[in-house]
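The values are calculated or read from the model by the stated rules, or taken from the named source; none is laboratory data. Just so we're clear, the structure is a prediction, and the values are computed from it rather than from any experiment. Cβ atoms come from the backbone with ideal geometry, glycine included; neighbour counts cover every protein chain shown.
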């Protein structure tokens, strides 16, 4: 389905970066809205629980979940990509991109075993490559989002 209004790429990137296990993201292809719902909200919509049982702040999301569940024409597209983002793989690719062999080896050693992510982040700061890492990671996530949107005929805007 071709979206009527482009989706903001930054909204999609933000959703991937959140990485909340019980959150699910959908795109309204007509409005371009990015909707994040918690498992509880989707469950309430599926179980047709009365909205009055929930706090006011949560009711709007449950109503959105109802619309998504009842969508028969494909207005909403599931954009829950948490399983497609392999952080460890991105880290390995980043390390390989570093020109200084000593830094490359130290960062590679840091990502081995338990506590790897903490040691990796400490190593980034120690070697002064943390800004490069965050730019690299953001570009990789952006590539993932762009590829996914192309595959699903979702128009994006910067």
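So here's what we get for this one:
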{"item": "In region 101-121, residue surrounded by the most Cβ atoms within 10 Å (Cβ to Cβ) [restricted to those that are under 28 Å from the mean Cα position of the chain (by Cα) and more than 13 Å from residue 91 (Cβ to Cβ)]", "result": "115"}
{"item": "Residue that is nearest to residue 110 (Cα to Cα) [pool: residues in region 76-86 that are surrounded by 13 or more Cβ atoms within 10 Å (Cβ to Cβ) and in contact with a helix residue (DSSP H, G or I) (Cβ under 8 Å, 6 or more places away or on another chain)]", "result": "85"}
{"item": "Residue in region 80-103 that is modelled with pLDDT under 90 and farther than 30 Å from residue 125 by Cβ present", "result": "yes"}
{"item": "Members of region 44-57 that are in a helix (DSSP H, G or I) and surrounded by fewer than 13 Cβ atoms within 10 Å (Cβ to Cβ)", "result": "46, 52, 53, 56, 57"}
{"item": "Residue within region 123-143 that is part of a helix (DSSP H, G or I), free of Cβ contacts under 8 Å to residues at least 12 places away in the same chain, within 19 Å of the chain's Cα centre (by Cα) and over 30 Å from residue 37 (Cβ atoms) present", "result": "yes"}
{"item": "Meets criteria (surrounded by 14 or more Cβ atoms within 10 Å (Cβ to Cβ), assigned by TED's automatic domain parsing to the domain that holds residue 115 and either part of a helix (DSSP H, G or I) or under 14 Å from the mean Cα position of the chain (by Cα) (or both)) for residue 90", "result": "yes"}
{"item": "Residues within region 37-49 that are in contact with a helix residue (DSSP H, G or I) (Cβ under 9 Å, 6 or more places away or on another chain) and without any contact (Cβ under 8 Å) to a residue 24 or more places away in the chain, tallied", "result": "7"}
{"item": "Filter result for residue 11 (outside any strand (DSSP E or B), in the same structural domain as residue 66 (by TED's automatic domain parsing), under 30 Å from residue 135 (Cβ atoms) and touching a residue at least 40 places away in the same chain (Cβ under 8 Å))", "result": "no"}
{"item": "Residue within region 15-33 that is surrounded by 16 or more Cβ atoms within 10 Å (Cβ to Cβ), under 19 Å from residue 137 (Cα atoms), modelled with pLDDT under 90 and out of contact with any strand residue (DSSP E or B) (no Cβ under 8 Å at 6 or more places or on another chain) present", "result": "yes"}
